[in-house]
1. When the helices in the chain are scored as -39500 (n - 2.57) per DSSP H run of 4 or longer and the sum is shared across all residues, what 222 nm value do you end up with, to the nearest 500 deg cm²/dmol?
2. Any chance you could tell me what percent of the C-alpha pair distances in the range 30-186 go past 27 Å?
3. How large is the direction-averaged shadow of the alpha-carbon convex hull of the chain, in nm²?
4. So how far, in whole Å, is the C-alpha centre of the range 419-497 from the one of the range 110-157?
5. Thinking of the range 209-349 as a set of Cα atoms, what percent of all their pairs are more than 26 Å apart?
6. Between residue 162 and residue 82, how many nm apart are label points set 7 Å from Cα along the C-beta direction?
7. Using Cβ counts within 10 Å as a stand-in for footprinting exposure, how do 250, 112 rank, fewest first?
8. What ranking of 301, 156 emerges when the number of other C-beta atoms within 10 Å of each C-beta is taken as an exposure proxy, fewest first?
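Every number here is computed from the coordinates shown, using simple stated rules; none is lab data. Please read these numbers as outputs of a predicted model, since none were measured by experiment. Ideal geometry is used to build each Cβ from the backbone, glycine not excepted, and the neighbour counts take in all protein chains shown.
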């Protein structure tokens, strides 16, 4: 059975119409309900074409082995085809690494770590979109771990260029304690043919270097952002930051390289992301603190030209009203007292998720408050005296922040989107948000409580009621000028599943594929957005 929900005046029945004037007309088309094993869930929506969209489903066995199924759904959300991927080498299951939808083709990457040859092989296979059958696996990258333990067989990461014409494969090579960091770069074209490849050793011990971010330009240049610890793997030492950021750049098919230190004197850089502009300038932006690494006080922006000279450098402290937004009255008063006493006012546990480069050289930054708490409960049986201990993990996904910085480095505005999400022992499966961009606006889709429908930024934010009929899916739009508008997509009373935002996907400027799950019930929907 499928049904259609059109957002409009009819939503008065579940008390959502009190939200501010709706910026968009929303239509949600639902597919048939899917009954699936509890250990089966959606892994990713990998892309779409004129026939519909493609998804990867994961099934975990009792022994924590995973099998992957490639699925094709039509524009009517009905399943067209489904094939379990046979990722087998030497009679053993290969590890699924990542999928890629590029040049209107689907590619599946998987790896096999051979205990006999001591080679960790990365394979690529093209998908026949009509049958979902895979081509023969072709090795594109190898990691030799002779003389190393099986657990030290390296790892693969990847990144696409902005125009999707290049693919960077980063191979983290095996290491020994106190050895310099080693890795290999491989740049492929859109047909998965090698353009250049280079093995690199940098003068930092493995345990003192972390890869934070990597980018490949439209013409195949590679930029790596590394976090370098000074002498010991700790973030703070003697009250100062014990790390620094460094940009590693590789030009001319890897034959020319450069290392550029990045810093804000006197401040902790807590988060940094990089982006490549159309003119090949590099932008670096994120959050900083003056007290440590768990809080943030403001945002910053650096721009480097083709010679890696800093041509723009700015930072801006968050304003008091921004910090106090979405706090309870008691929390807001506490912030005000600290500010009055010239104490540092910083936001707690925000991580930088997105750096979005616009078409005029500016950037948007997107972050989210996220943290995990471990709760141990001990009970004693009154009759037997036996003691039982239970450990729970609490996943908090709270406010989203969005920041706009123009091409000159001027930090124009910062906005905070109210959200409170808490789940236990599930990894936050229904928390966080789906992100998209439409006509210069940032779009966020997330689960919320109807009690937040008229929220003005002051006072307590109601916790999202994921398993309640008072839950609601919200679309929040942030314009290029920083105007925030929220509106309901649908309410929990209307559907039998809970949306999982982190596996939903924008498939066109106006459409998102949504996926929901509750116990054995699973369901897809397409959200269509019109002005």
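1. -1000 deg cm²/dmol
2. Pairs farther apart than 27 Å: 32 percent.
3. It is 29.0 nm².
4. Distance between centres, Cα-based: 39 Å.
5. The share of Cα pairs beyond 26 Å in the range 209-349 comes to 35 percent.
6. 4.0 nm
7. Neighbour counts put them in this order, fewest first: 112, 250.
8. 156, 301
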